[in-house]
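Beneath this line is the structure, given in structure tokens, with notes to follow.
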Amino acid sequence: MHTSDARTVPADPRSQERLSLSGLDYRVVDMTDPDAARAFARADARGFLDSEPRDENIALMREMMLERRNIGVFTADADADALPVATVSSWVTPMTVPGPAGAHLPLWAISAVTVAATHRRRGIARNLLEGELRAAADAGVPIAGLTATEATIYGRYGFGAAIPVARLQIDARRARGIALPDGDAATLEYLEPDALMAALEEVHERTRRTRVGDIPGWPLRWRRMAGLVPGDEKARAVRGVRAVDAGGGTRGVLAYTLDEVRDEFGADLLVRHLDAETPEALRALWAFAVNHDLIRTVHADLRPVDDPLPWLVADQRAVQTVVHDHGWLRILDVPAVLQSREYRAPLDVVLRVTDPLGLADGSWRLRIAADGTATAAATTEDPDVELGVDALSSLCLGGVSATTLRAAGRLAATARTAEQIENAFSLPTAPALSIWY
């Protein structure tokens, strides 16, 4: 069965049975019930060390969660309005893959994974994650994904770090400014909060269709980025600008805050979200941030690892770059994932994939034609490559090198085969995921 709506998928019976043996009730939470929605929102805030949510925040979260499949774990004797001791939320969304603009793969997006500190080490997290993966596979969704607050949790469930991103810190004074090329067409305009929210959604929806690894945003995210969520301490400090082309169209948008520097007449500029669909718009927005009067340091995260910023400033040493994991993927259907994308070079290999959960386990022959299209099918032939589902998940979008995984002992193949895989899977631009989810 394939479904585009995770809400139609019931709670995983295996996780349900396992947790019931520990006196725990694992079930789908009915977000149409205001009390249940309030309890879920409060448990989520507790899990992520946030302050107690206000009524307005709970209402906004409930509106978002009504569009998702929400699982809660409760003690067997819990009152009707009791907080769950664990939560997870999921939905099916398109993830951009290599190929023509708009090429995508259905992704089972996993979010809001929390376990109360009072209920650790009881197998709850394991059953939450394995339950999500089995539910997604049963629904016919070929791949799952998440963004992780901790990098050591999800590998045990077959997830691989697949979409690295860069955290940038720019010494604006040392950078000595960004000089734009003559004829750059983009001009900049300040935006009021409502217009900023609309521009963030508009530009992201266009750019994510050509940015491998990215997914659509949702209204509450853009409201938060624009500083329109009640109780956000930085809401009043959020500012926004857009880059406009010669025809008046919005081609880029920047939401940011300014933090005053103590004992100095100046501030640090913190990028909340930066999106651009043309090089001219990107250069204009970076120039706005780095050239801004009285700015000491510019901070930005979730940038593509090949962001051109270091090549825009006069002194590249003014840019400190930290590459870190961000988008984690977990293949559930090997042929569906490998056949969904285009490749850069022909290839014919047999992959032996190991998967402790059995969802992607097997031997698969991958044939890539000269035109970049691929076929993948089960085989009994001897393997050319042996790897875990986590390593294949890291490789699948081209954001991680096969030769690097071989050097790390995560992929068994000859050096020549690893080079051929890397050549076929690589991309002209790095995958990127510009949001947390």
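Residues in the stretch 308-333 that are within 17 Å of the chain's Cα centre (by Cα) and surrounded by 20 or more Cβ atoms within 10 Å (Cβ to Cβ): 326, 327, 328, 329, 330, 331.
Would you confirm whether or not the stretch 138-156 contains a residue that is farther than 30 Å from residue 336 by Cα, modelled with pLDDT of 95 or more, in a strand (DSSP E or B) and in contact with a helix residue (DSSP H, G or I) (Cβ under 7 Å, 6 or more places away or on another chain)? Within the stretch 138-156, none of the residues are farther than 30 Å from residue 336 by Cα, modelled with pLDDT of 95 or more, in a strand (DSSP E or B) and in contact with a helix residue (DSSP H, G or I) (Cβ under 7 Å, 6 or more places away or on another chain).
All conditions but one from (1) part of a strand (DSSP E or B); (2) of a type outside the set (A, V, I, L, M, F, W, C); (3) within 24 Å of residue 214 (Cβ to Cβ) apply to residue 348; the one that does not is (3). Could you tell me whether residue 277 is touching a Gly at 6+ places or on another chain (Cβ under 9 Å) and surrounded by 21 or more Cβ atoms within 10 Å (Cβ to Cβ)? Answer is yes for this residue.
Taken together, 195, 199 contain a single residue that is small (Gly, Ala, Ser) and either in contact with a helix residue (DSSP H, G or I) (Cβ under 8 Å, 6 or more places away or on another chain) or surrounded by fewer than 18 Cβ atoms within 10 Å (Cβ to Cβ) (or both), which is 195.
The selection criterion, being surrounded by 15 or more Cβ atoms within 10 Å (Cβ to Cβ) and among the basic types (Lys, Arg), holds for residue 221. Annotation note: of 427, 357, the sole residue that is touching a Phe, Trp or Tyr at 6+ places or on another chain (Cβ under 8 Å), of a type outside the set (Lys, Arg) and part of a loop (DSSP other than H, G, I, E, B) is 357. When the stretch 74-92 is limited to residues that are surrounded by 20 or more Cβ atoms within 10 Å (Cβ to Cβ) and not aliphatic (A, V, I, L, M), the one that is nearest to residue 205 (Cα to Cα) turns out to be 91.
Would you be able to tell me the number of residues in the stretch 392-404 that are part of a helix (DSSP H, G or I), surrounded by fewer than 24 Cβ atoms within 10 Å (Cβ to Cβ) and touching a residue at least 12 places away in the same chain (Cβ under 8 Å)? Going through the stretch 392-404 one residue at a time, the tally reaches 1. Listed by first and then second residue, the pairs with beta-carbon distance under 9 Å, at least 6 apart or on different chains, first residue in the stretch 315-326 and more than 15 Å from residue 291 (Cα to Cα), second loosely packed, with under 13 Cβ neighbours inside 10 Å, are 324/151; 325/151.
Take the residues in the stretch 92-105 that are out of contact with any Asp or Glu (no Cβ under 7 Å at 6 or more places or on another chain) and part of a loop (DSSP other than H, G, I, E, B); name whichever of them is nearest to residue 341 (Cα to Cα). Here the answer is 97. Each residue in the stretch 104-122 was checked for being in contact with a strand residue (DSSP E or B) (Cβ under 9 Å, 6 or more places away or on another chain), of a type in the set (Gly, Ala, Ser) and either at pLDDT below 95 or closer than 17 Å to residue 47 by Cβ (or both), and 3 of them qualify. For the residues 178, 124, the requirement of being among the β-branched types (Val, Ile, Thr), within 30 Å of residue 246 (Cα to Cα) and either more than 20 Å from the chain's Cα centre (by Cα) or in the same structural domain as residue 101 (by TED's automatic domain parsing) (or both) singles out 178. Restricting 283, 272 to residues that are assigned to a strand (DSSP E or B) and either basic (Lys, Arg) or at pLDDT below 95 (or both) narrows the list to 272.
Here is the figure for the stretch 368-385: residues that are exposed (fewer than 15 other Cβ atoms within 10 Å of the Cβ) and part of a strand (DSSP E or B) total 3.
Being in a strand (DSSP E or B) and out of contact with any His (no Cβ under 6 Å at 6 or more places or on another chain) is a description that applies to residue 89. Within the stretch 51-73, if we keep just the residues that are under 21 Å from the mean Cα position of the chain (by Cα) and assigned to a loop (DSSP other than H, G, I, E, B), the residue that is surrounded by the most Cβ atoms within 10 Å (Cβ to Cβ) turns out to be 68.
Which is touching a Gly at 6+ places or on another chain (Cβ under 9 Å) and in a loop (DSSP other than H, G, I, E, B), of 36, 11?
Matching residue, one of 36, 11: 11.
Could you check how many residues of the stretch 280-300 are crowded, with 18+ Cβ neighbours inside 10 Å and either without any contact (Cβ under 8 Å) to a residue 12 or more places away in the chain or among the acidic types (Asp, Glu) (or both)? Looking only at that region, the number is 1.
The values are calculated or read from the model by the stated rules, or taken from the named source; none is laboratory data. Everything numeric in this text was worked out from a predicted model, so none of it was measured. When we count neighbours, we look across all protein chains shown, and the Cβ atoms used for this are built from the backbone with ideal geometry, even at glycine.
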